[in-house]
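J.: My questions all concern the structure below.
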Amino acid sequence: MRIHLKTLGCRLNEAELETWSRGFQALGHELTQELNSADLVVVNSCAVTGEAVRKSRKLIRRAQRNNPTAKLVVSGCYASLDPADSSGIDLIVNNRDKDQLVEIVSKQLNLHAMPEMATEPGENSLLARGRQRAFIKVQDGCRYRCTFCVVTLARGEERSRPAAEIINEINLLHTGGVLEVVLTGVHIGGYGSDMGSSLFQLIQTILEKTQIPRIRLGSVEPWDLPENFWSLFENRRLMPHLHLPLQSGADSVLHRMARRCSSTDFQQLVEQARQQLPDFCVTTDIMVGFPGETEDEWQQTLALVEQIGFSHLHIFSYSPRPGTKAAELPGQVNRAVQKERSQALYALGQQLKRVNQQANLGAELPVLIESKANTEGAALWGGYTPNFLRVAVQAPAGLALENQIRQVRLDALSEAGDHILATLL
Ligand code: SF4
């Protein structure tokens with residue numbers, strides 16, 4: 001069968017899509033980028049915001065309209081939270097079963113396996129699709145109940161993948177040419193809570209039992225990290241970059257969000273990281289306009305963001321999610337105020353990014369070259385440094401650099417401000 005897979009939302013959804021791609025290929029099915037010519041369409045939906053739900057519905061409708069004869073399978077948070085909305089869908093796979101999606105779909109939709117057509121293990125669709133960093137699902141679910149969060153409702157309790165399975169997947173990807181993996185989950189700090197292990201132990205095991213040159217951590221909630229966590233970064237294969245969602249800089253808002261980390265705890269965590277590695281990169285999520293957010297609370301957030309000096313900000317406007325406590329809270333902030341605050345934060349974020357880029361000029365760092373950034377004239381290749389700086393590397397025309405780790409010198413800020421110009425050493 002020709003199978004079209006599409007995902008919305010988080011890196012975890014991406015990681016699941018990668019696993020399904022390999023699963024279907026191993027059964028001899030062919031992947032297609034073309035929705036209209038597929039025999040089977042699989043959608044991994046998202047419900048993190050009202051906008052994400054709207055996009056999930058739109059994607060499902062488009063699949064039904066553009067390819068009515070194809071079988072349609074929908075999984076993910078939107079389908080798990082709102083399975084009633086299933087008209088025209090052949091099969092809904094709930095989040096709790098999505099790790100067995102390939103088997104469930106094969107059985108329930110009677111897919112005919114053709115092992116003789118199967119791709120070799122390690123033959124990597126990721127690189128074939130121009131992607132160099134592989135997202136690896138290490139756990140699912142979360143025991144916490146932040147009052148704005150619908151993910152914890154859609155994905156259920158914490159479940160960790162056995163370390164041996166994760167090691168095997170990383171080694172298979174590395175054999176297939178992948179040089180960087182990103183460990184992802186819903187609450188990866190909770191890894192091992194259901195099996196007497198921990199994220200610390202998992203990372204140690206990955207460093208011992210794999211040779212892959214670059215391991216990056218996906219989003220990590222700023223708690224549940226052991227004291228000695230930072231010592232792991234002495235191994236330079238573990239990228240000195242953490243995405244630590246702060247959400248708000250005001251303790252009164254953090255309390256209404258039921259976050260397990262105060263503004264002081266957060267600052268101390270970042271200081272610990274920077275003591276370990278001066279060039280440690282910290283990025284974050286900030287939620288704008290949480291119910292009841294006063295001007296004073298907002299100013300506290302701006303002040304803390306500036307004080308910490310994040311390298312990059314992901315800015316989200318709060319949107320009430322059905323079933324969450326925050327949706328019932330008084331003092332919902334109006335869109336105009338949310339917009340104004342988001343714009344102010346975006347401007348601050350750009351400023352801080354520039355300061356951080358400036359501080360790294362002159363450094364000589366290894367970059368995983370991902371793709372060619374231009375077609376005309378001297379070649380310009382895009383990629384990331386270990387501390388997650390986006391760079392454009394100038395290289396002689398005709399040199400093939402895709403998916404290589406090369407040493408570069410960071411020379412100058414780009415005019416656009418979104419990357420640094422670097423020279424191949
Ligand atoms: S810790 Fe993260 S995933 Fe868990 S409830 Fe809070 S925001 Fe949601």
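The values are calculated or read from the model by the stated rules, or taken from the named source; none is laboratory data. Everything quoted here is computed from the prediction, not taken from an experiment. Please note: Cβ atoms are built from the backbone with ideal geometry, for glycine as well, and neighbour counts cover all protein chains shown. Areas reflect the complete protein model, heavy atoms only, side chains present, ligands, DNA and RNA absent. Shrake-Rupley method; radii C 1.70, N 1.55, O 1.52, S 1.80 Å.
J.: Please name all residue pairs, on different chains or six or more residues apart, with Cβ atoms under 8 Å, provided the first residue is in region 308-320 and is within 20 Å of V337 (Cβ to Cβ) and the second residue is open to solvent by 70 Å² or more (accessible area, probe 1.4 Å).
T.: Pairs that qualify, where the first residue is within 20 Å of V337 (Cβ to Cβ) and the partner is open to solvent by 70 Å² or more (accessible area, probe 1.4 Å), are L313/Y346; I315/Y346; S317/R335; S317/K339; S319/E51; P320/Q332.
J.: Among the residues of region 175-214, count how many are touching a residue at least 12 places away in the same chain (Cβ under 8 Å), over 28 Å from G76 (Cβ atoms) and assigned to a helix (DSSP H, G or I).
T.: Of the residues in region 175-214, 7 are touching a residue at least 12 places away in the same chain (Cβ under 8 Å), over 28 Å from G76 (Cβ atoms) and assigned to a helix (DSSP H, G or I).
J.: Given the conditions (1) open to solvent by 20 Å² or more (accessible area, probe 1.4 Å); (2) within 16 Å of the ligand (Cβ to nearest atom); (3) at negative phi, report the number of the one that A258 does not fulfil.
T.: Status for A258: all satisfied but (3).
J.: Moving on to the next point. Which residue out of T264, T284, T301 is surrounded by 19 or more Cβ atoms within 10 Å (Cβ to Cβ) and in a helix (DSSP H, G or I)?
T.: T301
J.: Tell me which residues, restricted to region 143-174, are in a helix (DSSP H, G or I), away from the ligand (no atom under 15 Å from the Cβ) and in contact (Cβ under 8 Å) with a residue 24 or more places away in the chain.
T.: A163, I166, I167, E169, I170, N171, L172, L173, H174
J.: Suppose we filter D224, D265 for residues that are farther than 27 Å from S342 by Cα and within 16 Å of the ligand (Cβ to nearest atom); which single one remains?
T.: D224
J.: Answer yes or no: is there a residue in region 305-326 that is within 20 Å of T284 (Cβ to Cβ), outside the structural domain of G249 (by TED's automatic domain parsing), open to solvent by less than 20 Å² (accessible area, probe 1.4 Å) and within 24 Å of the chain's Cα centre (by Cα).
T.: Taking every residue of region 305-326 in turn, none turns out to be within 20 Å of T284 (Cβ to Cβ), outside the structural domain of G249 (by TED's automatic domain parsing), open to solvent by less than 20 Å² (accessible area, probe 1.4 Å) and within 24 Å of the chain's Cα centre (by Cα).
J.: May I ask you to say which residue of A47, A84, A79 is assigned to a helix (DSSP H, G or I) and modelled with pLDDT under 95?
T.: A79
J.: What do you reckon, is N235 modelled with pLDDT under 95, in the same structural domain as L348 (by TED's automatic domain parsing), surrounded by fewer than 21 Cβ atoms within 10 Å (Cβ to Cβ) and more than 16 Å from the ligand (Cβ to nearest atom)?
T.: Spelling it out, it is not the case that N235 is modelled with pLDDT under 95, in the same structural domain as L348 (by TED's automatic domain parsing), surrounded by fewer than 21 Cβ atoms within 10 Å (Cβ to Cβ) and more than 16 Å from the ligand (Cβ to nearest atom).
J.: Only one residue in Q201, Q247 is among the polar types (S, T, N, Q) and more than 16 Å from the ligand (Cβ to nearest atom). Which one?
T.: The match here is Q201.
J.: What are the residues in region 133-166 that are hydrophobic (A, V, I, L, M, F, W, C) and open to solvent by 20 Å² or more (accessible area, probe 1.4 Å), if any?
T.: Selection gives F135, F148, C149, V151, L153, A163, A164.
J.: Can you work out which of the residues in region 87-116 that are among the aliphatic types (A, V, I, L, M) and part of a helix (DSSP H, G or I) is most open to solvent (accessible area, probe 1.4 Å)?
T.: I104
J.: Is one or more of the residues making up region 219-232 touching a helix residue (DSSP H, G or I) at 6+ places or on another chain (Cβ under 9 Å), of a type in the set (D, E, K, R) and outside any loop (DSSP other than H, G, I, E, B)?
T.: Looking through region 219-232, at least one residue is touching a helix residue (DSSP H, G or I) at 6+ places or on another chain (Cβ under 9 Å), of a type in the set (D, E, K, R) and outside any loop (DSSP other than H, G, I, E, B).
Matching residues to (1) closer than 21 Å to A400 by Cα; (2) touching a residue at least 24 places away in the same chain (Cβ under 8 Å); (3) open to solvent by 50 Å² or more (accessible area, probe 1.4 Å):
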| residue | (1), (2), (3) |
| --- | --- |
| A336 | no, no, yes |
| R341 | no, yes, no |
| Y346 | no, yes, yes |
| G349 | no, yes, no |
| K353 | no, yes, no |
| L368 | yes, yes, no |
| K372 | yes, yes, yes |
| W381 | yes, no, no |
| T385 | yes, yes, no |
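J.: Inside region 167-184, can you point out the residues that are open to solvent by 20 Å² or more (accessible area, probe 1.4 Å) and of a type in the set (S, T, Y)?
T.: T175
J.: Right, another one. Scan region 1-34 for residues that are among the hydrophobic types (A, V, I, L, M, F, W, C), part of a strand (DSSP E or B) and surrounded by fewer than 21 Cβ atoms within 10 Å (Cβ to Cβ) and report the count.
T.: Residues flagged as among the hydrophobic types (A, V, I, L, M, F, W, C), part of a strand (DSSP E or B) and surrounded by fewer than 21 Cβ atoms within 10 Å (Cβ to Cβ) within region 1-34 amount to 1.
J.: The conditions are (1) touching a residue at least 24 places away in the same chain (Cβ under 8 Å); (2) in a loop (DSSP other than H, G, I, E, B), and E415 fails exactly one of them. Which is it?
T.: For E415, the failing item is (1).
J.: Something else now. Which of (1) part of a loop (DSSP other than H, G, I, E, B); (2) at pLDDT 70 or above; (3) in contact with a helix residue (DSSP H, G or I) (Cβ under 8 Å, 6 or more places away or on another chain) does R131 not meet, given it meets every other one?
T.: R131 satisfies every listed condition except (3).
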